[in-house]
Amino acid sequence: MANERDAEPRSRGRPSAPEAELRSAAVEATLALLLTQGYAATTVDAVAKRAGMAKKTLYRFAENRDALVMQAIASWTDAFQPAFEQDAQRVAEVQPLLEQGLRAIAQQVLSEQAVGVFRLLQSEFPGREAMLAAYQRNGIERGRAIVADWLQRQQRHGWLRELDCAQTSDLLLAMVMAEPLRQMALGLLPPGSDIDTRITAALTLVLPGLVGDATASRNR
């Protein structure tokens with residue numbers, strides 16, 4: 001009887017897992033087709049076949065190719081967003097938490113797939129404008145907004161001085177990510193290379209100018 005009672009909750013929780021797995025399979029198939037066959041070949045039919053699912057199942061997640069590409073790119077920001085959910089409880093926690101968040105971003109945007117998409121967007125191909133718009137909106141702009149929102153919350157807590165959080169987010173991401181991404185796209189650095197030292201150095205340089213004087217005095 002105890003075994004039957006233990007098994008019951010597991011059976012009720014089972015339906016949610018396949019949905020997440022199917023969505024993940026659709027994202028992986030979309031990215032694989034983009035990087036191996038190009039945007040034009042990344043059709044709903046081709047993605048469904050590569051993912052091993054029926055078209056009607058795929059339509060539950062995306063209505064067309066543009067929606068598939070949008071979701072594939074958004075999956076990177078979905079993955080690092082949780083790293084920016086925790087707020088600092090004192091000023092000394094700002095740097096380690098921001099380092100943690102930037103490492104989570106680097107893990108996604110400097111991955112082999114993300115670098116491959118960046119390379120693809122440097123070339124001309126039919127549908128490039130639509131794909132570039134999805135990349136800008138769901139990748140770059142969403143990533144900037146996530147970091148800016150975190151900075152704004154720390155500002156409200158009193159850990160950071162008054163600043164333009166959107167601009168600061170843009171500058172931080174450019175300082176930390178832009179050069180490694182350029183080198184990876186050119187083949188000078190392997191995708192996924194560790195940039196933890198770069199992140200720490202950038203924040204050590206920048207954060208003293210972001211921390212408010214009142215906060216610094218209060219936490220001496």
Query raised in the report: With each run of n ≥ 4 DSSP H residues scored as -39500 (n - 2.57), what mean residue ellipticity at 222 nm is computed for the chain after dividing by its residue count and rounding to the nearest 500 deg cm²/dmol?
Result: -20000 deg cm²/dmol
**Report entry** Relative contact order computed over the chain (Cα-Cα under 8 Å; 6+ residues apart), in percent
**Finding:** 21 percent
Query raised in the report: Taking K and R as +1 and D and E as -1, what net charge do the other residues with C-beta under 14 Å from the C-beta of Ser193 add up to?
Result: -1
Report task. Just order 142-151, 173-182 by mean Cβ neighbour count inside 10 Å, highest at the front, would you? Result -> 142-151, 173-182
**Report entry** Hydrodynamic radius (Kirkwood) for the chain, which is based on Cα pairs only, to one decimal in Å
**Finding:** 19.5 Å
Requested in this report: For the stretch 79-130, state which trypsin sites (Lys or Arg not before Pro) are in a DSSP loop and have at most 11 other beta carbons lying within 10 Å of their beta carbon.
Outcome: Arg90
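FYI, it's all coordinate maths here, none of it is from the lab. For clarity, every value in this text was computed on a predicted model and none was experimentally measured. When we count neighbours, we look across all protein chains shown, and the Cβ atoms used for this are built from the backbone with ideal geometry, even at glycine.
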